[in-house]
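Visitor: Encoded as structure tokens, here's the structure I'll be asking about.
We did not get these values from a lab; they are worked out from the coordinates using the rules stated. On a predicted model such as this, the values are computed, not experimentally measured, just so you know. Cβ coordinates were reconstructed from backbone atoms using ideal geometry, including for glycine residues, and neighbour counts include every protein chain displayed.
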Amino acid sequence: MQRPDDFTGGGPDRTISLRGNVLVVTEDPDLLAAQLDGSGTRTAAELLREPLRDNISTDEIIPGWCCYWYDEKLGDYAYLGLRDRTFGEGAVKRFAPQIVVSGAAKGCGSSREHAVYAEKYSGVQLVFARSFERIYQQNCRNVGIVTCDDFDVLAALLDGEELPLEAFTRGANEIERAIIDCGGLFGFNREHRAHRAHHDGEQSAIRPAFSGRRPLNVVEKIIQSRLSPRNRPPGDDSVRIGESYFVETDVRFSHEYVTPMAAGMFGRQFGPQARLADPESCYFFQDHLSLADQVLKRREGGPELIARVDDLGRRQQEFAELAGGHFIGPSDSGGSRAICHNHILEHVAGPGDVIVGTDSHTCTAGAVGALAFGVGATDIANSWYNREILVKVPAVIRINLLGGLRPGVSAKDLMLALLAHPRIEGSQTLGKVLLFTGPGCAGLNIDERATLCNMAVEAGGMTALFEPDDVTYAYLAAHPRDARASASAPPEVPTSDADATYASVVDITPADVEPMVALPGDPRNAVPLASVREEVKVDKVYGGSCTGGKAYDMDMYADVFELARARGAKVPADVQAYIQVGSENVMRYAVERGYIALFEEVGVQVLPPSCGACINAGPGVSERPDEVTVSAQNRNFPGRSGPGQVYLASPYIVAATAIAGRLSSVEDMFGTGVRA
């Protein structure tokens, strides 16, 4: 059986030529299907003149349920989640493309490394796209898939040229090229260890470049403060934007989707006796699939899927108990003790921390000033061993909030408005950090800040954060942090120098933001709710996930449902409405304030903590393509939460929609369609 870390590279002298098939992922699904079934007559060069598909998410490269496997079976599932798909399981693997080509922002969404292994196990060696999402590209590099955005290089391959590896990696920095040369991150680190063994402990000759001393923003300062000994700067030099450095992490966490895959890598790479470095700062969450059996039992092959889910959980718990670390498992009352991001924010993250997790929404912890971002299985396995993560110093976009939000408008509306902002939309934020500053920050509590940071990846960003202020310190005082070992804890919390530089500064007047909604298919399909003229009848309403399951989210749902109760209004009989809390702490908060009784009184089903419907693994998922859901989660990529159509909105709009039975603002929820 081929395993996820069996691949090796060919070294810097390797050459590449076209020896296999080329799969061009066009906007036209029929052209894609014709390539796969052999009925197409057009060459790859001809297909490249067609519009290429942009924003292919990892949910489309491999659907969530396929991630219950983590071996060569993944190759059968390649591109099975693609929107408008007209081909079946195993079609891409049978075609065995050496090269896959698509448009902009390839690999948006989840950090799941299963996506790149699905491509790898189906034969893919090179991926061309107009641009790449950060985590996807890093995962490709870590496992030996070469990525390239230079279509002149692709044209040369199609013309029959044999090209040196360096032709594909000109845009990479020296360490990135070295990892590619070595066939992936594990190969690179083996080379590094061999170099030290043969040179009396001397660090690798591959060293990153630094800039002279200069003013730094908070992101650069955090990275600078955590540099690994293997790439410390000479003198008082500063880290350089676009350069990659190994950084020591403060917190590492994974969930049951990824832990078994990464645990296998860890054992094979570092030996059966290997243990976690600094286990007190490692966390294992059984949160993504804790309610999956409630929906899987109704699906084709349900018993097998449930068995796979159970196996993932068992393997994760066994590894956590053997290797050390904190296991945050099932709750006695059902579901999980907490969604990973909620727990990290409530109990673990601190200002200036470097936090990595096997989930793209790890950036939630930026709400308290941590540099937190998602990674894949290879990165987390490597960091378990040495606490290190490779970080490419990002450019920073400063989002200057000029004042507060209007009543009835939330951080979710603000984030959806940002996704459509002309300075943010498209690929302008790829790999960058959103730093929220300005007087408007003072009016945002930590839960609302968490919503903004959580959805930075929906904007294509690496992460987002707020510099610590009085709001931060008040929250930390009320929510004590877990005791954990942290050899690199900073002597002081870093803040941006007054004359630090930014890629751009975007001034936002939050008072101008109105209630927003993201139309089905992509969070970036964000428009003002008032612009949706047609009536959108809904089948399901879901308020939950790491984005919409926090304590302040419960306040917002309750505000609307209290209005409904006062009017004698309830959820219509033909609408299923769910509120899912993000942690046991949030459940206690909601119980103490009478929210749970309120929700149930107006016809809402309350769910225990779990990622649930957001990852197509719990109550609230759609069951049919014609179902319509309005959700407070963060993503609505095709297939993300079932086959139906998902609109994204704030807790206010979700609650109003539940009562109205149609996509609705709070102001008009008592109009046509309400059944009191």
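Visitor: Let me have the 222 nm mean residue ellipticity of the chain computed from DSSP H runs of 4+ only, each contributing -39500 (n - 2.57), with the sum over all residues rounded to the nearest 500. Could the numbers behind the result be given before it?
Guide: Numbers: 23 runs with 204 residues, N = 676.
That comes out to -8500 deg cm²/dmol.
Visitor: Using packing as a proxy for protection, rank 220-230, 655-665 so that the peptide with the highest average count of other Cβ atoms within 10 Å comes first. Show your work: numbers first, answer last.
Guide: Numbers: 220-230: 19.8, 655-665: 27.6.
Most protected by this proxy first, the peptides run 655-665, 220-230.
Visitor: While we're here: If packing is taken as the mean number of other Cβ atoms within 10 Å per residue, what is the order of 511-517, 457-463, highest first?
Guide: 457-463, 511-517
Visitor: Between segment 597-620 and segment 34-68, how far is it from one alpha carbon centroid to the other, in angstrom?
Guide: Answer, in whole Å: 35.
Visitor: Could you work out the relative contact order of the chain? I mean the mean sequence separation of Cα pairs under 8 Å and 6+ apart, divided by the number of residues, in percent.
Guide: Rounded, it is 13 percent for the chain.
Visitor: Rounded to a whole number, what is D in µm²/s for the chain from Stokes-Einstein with the Kirkwood radius over alpha-carbon pairs (4 °C, 1.567 mPa s)?
Guide: Answer, rounded: 51 µm²/s.
Visitor: Something else now. Amide H to amide H, which residues 5 or more places from residue 326 or on other chains are under 5 Å from it, using H placed in the peptide plane?
Guide: Counting only residues 5 or more places away or on other chains, the set is 282, 283, 284.
Visitor: Which order do the peptides 519-527, 14-22, 602-610 come out in when sorted by mean C-beta neighbours inside 10 angstrom, highest first?
Guide: So the peptides 519-527, 14-22, 602-610, ranked by packing, come out 602-610, 519-527, 14-22.
Visitor: Below 8 Å, C-alpha to C-alpha, sequence gap of six or more: please give me the relative contact order for segment 516-660 in percent.
Guide: Working: 320 pairs, mean separation 51.3, N = 145.
Answer for segment 516-660 is 35 percent.
Visitor: Cα centroid distance between segment 126-162 and segment 332-402, in Å?
Guide: 28 Å
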